[in-house]
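Beneath this line is the structure, given in structure tokens, with notes to follow.
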Amino acid sequence: MLYPGIFLWIVGILQTIALLIMGFIKKNESKDWNSVRLMTLFTFVIIWMSFWFTYKWPLAHIAYDGTFPMVFLYSLYCWNSLTSSKGWRFFGVIFLAAAILFQTAYAWRIYPVYSIYKDRNKIVHAIQEKNYHLVGERRAYGYY
């Protein structure tokens, strides 16, 4: 898992930098490129401003729900021009193979430790009793 993990980590950092650079200097042939770029920026600004009015820390997983569709669309517009190059397509295949290898190995490794099925009887009992306290509190500050 080490080599695919390091590869994916480095490519993930470089992907973020590339998407930022492509947003500023890339001239896209699509007529709605400016709209997509501005909507993506607007989405980030709205999420950032919404954290001004909450007592929670701005954790990444909270923002992903709102930003993923726009970031995905934005990235498709950015990567569209690279699909004509055979080298970039080969790199995409290598990247996908590394991601599949890493995720499969990670799931195999983590399954016995963090699987819900490890304590299946306890969870079934909690569902039958309709008592969520049997498996623990979800959040210390949560209101149920």
**Report entry** Flag if residue 3 is exposed (fewer than 13 other Cβ atoms within 10 Å of the Cβ) and either of a type in the set (D, E, K, R) or within 30 Å of residue 110 (Cβ to Cβ) (or both)
**Finding:** yes
Check your understanding: Hey, does region 84-107 have a residue that's without any contact (Cβ under 8 Å) to a residue 40 or more places away in the chain, touching a Ser or Thr at 6+ places or on another chain (Cβ under 8 Å) and assigned to a helix (DSSP H, G or I)?
Key -> yes
Note on residue 56: of the conditions (1) in a loop (DSSP other than H, G, I, E, B); (2) out of contact with any helix residue (DSSP H, G or I) (no Cβ under 8 Å at 6 or more places or on another chain), unmet is (2)
Matching residues in region 110-130 (surrounded by 11 or more Cβ atoms within 10 Å (Cβ to Cβ) and closer than 27 Å to residue 15 by Cα) number 0
Of the residues in region 72-83, those that are exposed (fewer than 13 other Cβ atoms within 10 Å of the Cβ) and farther than 13 Å from residue 36 by Cβ come to 83
Taking region 84-98 and keeping only residues that are open to solvent by 100 Å² or more (accessible area, probe 1.4 Å) and within 19 Å of the chain's Cα centre (by Cα), one is left with 96
Only one of (1) closer than 24 Å to residue 11 by Cβ; (2) at pLDDT below 85; (3) open to solvent by 50 Å² or more (accessible area, probe 1.4 Å); (4) not β-branched (Val, Ile, Thr) does not apply to residue 63, and that is (3)
Boolean, residue 68 is in contact (Cβ under 8 Å) with a residue 60 or more places away in the chain, part of a helix (DSSP H, G or I) and open to solvent by 40 Å² or more (accessible area, probe 1.4 Å)
no
Scanning region 7-26 for residues that are part of a helix (DSSP H, G or I) and modelled with pLDDT under 90, the one most open to solvent (accessible area, probe 1.4 Å) turns out to be 24
Just checking, does region 70-81 include any residue being among the β-branched types (Val, Ile, Thr) and more than 30 Å from residue 107 (Cα to Cα)? no
Across (1) more than 25 Å from residue 6 (Cα to Cα); (2) surrounded by 11 or more Cβ atoms within 10 Å (Cβ to Cβ); (3) among the aliphatic types (A, V, I, L, M), residue 101 clears everything bar (1)
Scanning region 27-47 for residues that are open to solvent by 100 Å² or more (accessible area, probe 1.4 Å) and in a loop (DSSP other than H, G, I, E, B), the one modelled with the highest pLDDT turns out to be 31
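The values are calculated or read from the model by the stated rules, or taken from the named source; none is laboratory data. As the structure is a computational prediction, the values presented were derived from the model and not from experiment. Note that each Cβ is placed from the backbone with ideal geometry, even for glycine, and that neighbours are counted across all protein chains shown. What goes into the accessible areas is simple: the full protein's heavy atoms, side chains included, and nothing from ligands, DNA or RNA. Shrake-Rupley method; radii C 1.70, N 1.55, O 1.52, S 1.80 Å.
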